[in-house]
Each structure stands twice: as C-alpha cells, then as structure tokens.
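The values are calculated or read from the model by the stated rules, or taken from the named source; none is laboratory data. Given the structure is predicted, the values throughout are model-derived calculations rather than measurements. A quick note on method: Cβ atoms are made from the backbone with ideal geometry, for glycine too, and the neighbour counts reach across all protein chains shown. SASA here: full protein model, heavy atoms, side chains in, ligands and nucleic acids out. Shrake-Rupley method; radii C 1.70, N 1.55, O 1.52, S 1.80 Å.
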Amino acid sequence: MNDNEQMGFLYKLFDTSLPRLGPRDDRSTRKALDMLLSERSKRVDEPGTGKLRILDIGCGNGAQTIQLAKHIDGTILAVDNHQPYLNELQRRAEAEGVSDKIQPSLKDMCDLGLPEGSFDLVWSEGALYVMGFREGLVICHFLPAPDGFLAASELCWLRPDPPAECQQFFANEYPAMVDIVTNLSIIESSGYKVVGHFTLPESAWWESYYHPLEDRLQSFRKKYATVQK
Ligand SMILES: C[S@@+](CC[C@H](N)C(=O)[O-])C[C@H]1O[C@@H](n2cnc3c(N)ncnc32)[C@H](O)[C@@H]1O
C-alpha cells in the first residue's frame, strides 16, 4: 500500500462521524480554558471588555472547538488540512448554535501565514505532534499576543517502566514521546512560561475515542480483510 492509499484508509477509519479524533473530553477542555482565563484576568487590566481571539490548530471535526465556542465571548479560527472535518465542524457548530463564533479554515498548520501576536489563545488538542511537539511550540511562538496563551495536549509517558509491548509500539509509532518533566522543560526552552498542566483522565481515552474506534475497526477488518499491507 502506498502513502496515499494509507492516508485514504486513515481518513476512512477516522471518519468525520466519530465523536472526536483524539483523546479528550469536554471537562478537560473547560478545565484548561478556565485555568488560562483565570491567569489572563490577573494580567489584563479589563479582561471582560475585549472579545477573545482563538486559533484552534488541527481542529478536526471540532469537538473542542465547539466546547470553546460555548464558553467564550469571541471568535475561533479553526484550522485543519482535511476539508471533510471542517464541513462536519460547520455542521455541528450550526446544530449547537455557535457557528457565528467559528470560522473553519483549510490550512496546513506548518504554513499558517497568520500575523504575529494575533490571538489571545492558541489552542491545539492532540495535533501539535504533527509538526513535532518542540517544533510546533517554536513555530507557534509568535502567534499569541504579548499577554496571550497557548494550550496544547501531548502524548507523554506517565511512568518510567512502561510495559515492553507499549515501548515497542511507540518506538515505531511515536519515538519522540517523552515524559511530563521533559515536556515541561521543552515548553520552557521553547520560550513559554508554564501556567499549569494536568493529565487527561483515562475515561478521556476510552469513552469517546477508543470505544467508537474499536467499533469501526471491527467492521473495517471484515471489509478490507483482503487488502495487502
Ligand atoms: C489527532 S487529530 C485531533 C483533532 C481534534 N483536535 C480532536 O482532538 O478531536 C489531529 C488533527 O490534525 C489534522 N492535521 C494533520 N496534519 C495537519 C496539517 N499539516 N495541517 C493542519 N491540520 C492537520 C488532522 O486532519 C486531524 O484533524
């Protein structure tokens, strides 16, 4: 199977109808948003007066975009490089009555072409890794306004002795994965000051990410049983 065919399978598996495209949950999105808004209220003289400008990088079908839109007074530029995800985001935003706050935009996150300091919040759930976590942080560093913030989730090792099978799997799939302490130092050395961090609950992986994917994988295995790797 060539790269194009592999991407085709990936998009079929990670279909727009999945509730979300990465491990996350609404409560964690809110928790991170509240953390940053609280910090912002300490720094900005009149935080209530300006509308927030948010950039959501790698928004996918928009589970977090819609959560953010529901809880902020402002606008969100939601960027992804797969138009069907953006179409689904638009559909969901209309259904939830927040489409006036969201502008879906087909862009490559590596080449955003956006003006310096143009966002109060730069958001990226499960997507900065596409550029490489450190590279993504560096590339995005110019985007938040001087009193702005960046929020990102990143896959981390949570224990020093992961099972051998996991080590083997991630040695192939994401060899750049490091632990939390190392990621915190990567963040600081990329020019950011850490406001806070937390680990997603296990349920954020299982309930609306792995379980729906498991269901799809079963039908996929049957449908494409004869396709060569
Ligand atoms: C793991 S998904 C996360 C999506 C969403 N943030 C969520 O948590 O449900 C990563 C997203 O990044 C997008 N993506 C991958 N490469 C990209 C690129 N070069 N530019 C923009 N988006 C990209 C994918 O289409 C996908 O929607």
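When the range 64-101 is filtered for residues that are within 12 Å of the ligand (Cβ to nearest atom), in contact with a Lys or Arg (Cβ under 7 Å, 6 or more places away or on another chain) and not hydrophobic (A, V, I, L, M, F, W, C), the ones remaining, listed by number, are 64, 67, 81. Residues that are in a loop (DSSP other than H, G, I, E, B), of a type outside the set (A, V, I, L, M, F, W, C) and surrounded by 14 or more Cβ atoms within 10 Å (Cβ to Cβ) within the range 32-72 comprise 47, 58, 60, 61, 62, listed in sequence order. Condition (residue is at pLDDT below 95 and surrounded by fewer than 21 Cβ atoms within 10 Å (Cβ to Cβ)) applied to the range 85-102: is it met by at least one residue? No: the range 85-102 contains no residue that is at pLDDT below 95 and surrounded by fewer than 21 Cβ atoms within 10 Å (Cβ to Cβ). In the range 1-11, of all residues being open to solvent by 50 Å² or more (accessible area, probe 1.4 Å), assigned to a helix (DSSP H, G or I) and modelled with pLDDT under 90, the one that is nearest to residue 68 (Cα to Cα) corresponds to 10.
Restricting to the range 12-52, and then to whatever is small (Gly, Ala, Ser) and out of contact with any Leu (no Cβ under 7 Å at 6 or more places or on another chain), can you tell me which residue is modelled with the lowest pLDDT? Once the filter is applied, the top-ranked residue is 48. Applying the criterion of at least 3 residues that are open to solvent by less than 50 Å² (accessible area, probe 1.4 Å) to the helices (runs of 4 or more DSSP H) found wholly in the range 167-229 leaves 180-189, 211-223. Taking each residue of the range 12-31 that is farther than 20 Å from residue 84 by Cα and open to solvent by 40 Å² or more (accessible area, probe 1.4 Å) and looking for partners that are hydrophobic (A, V, I, L, M, F, W, C) and part of a loop (DSSP other than H, G, I, E, B) with beta-carbon atoms closer than 7 Å, six or more apart or interchain, yields 31/198.
The set of residues from the range 121-166 being exposed (fewer than 15 other Cβ atoms within 10 Å of the Cβ) and either in a strand (DSSP E or B) or touching a helix residue (DSSP H, G or I) at 6+ places or on another chain (Cβ under 7 Å) (or both) comprises 146, 147.
Would you confirm whether or not the range 34-52 contains a residue that is in contact with a helix residue (DSSP H, G or I) (Cβ under 6 Å, 6 or more places away or on another chain) and closer than 21 Å to residue 146 by Cα? Within the range 34-52, one or more residues are in contact with a helix residue (DSSP H, G or I) (Cβ under 6 Å, 6 or more places away or on another chain) and closer than 21 Å to residue 146 by Cα.
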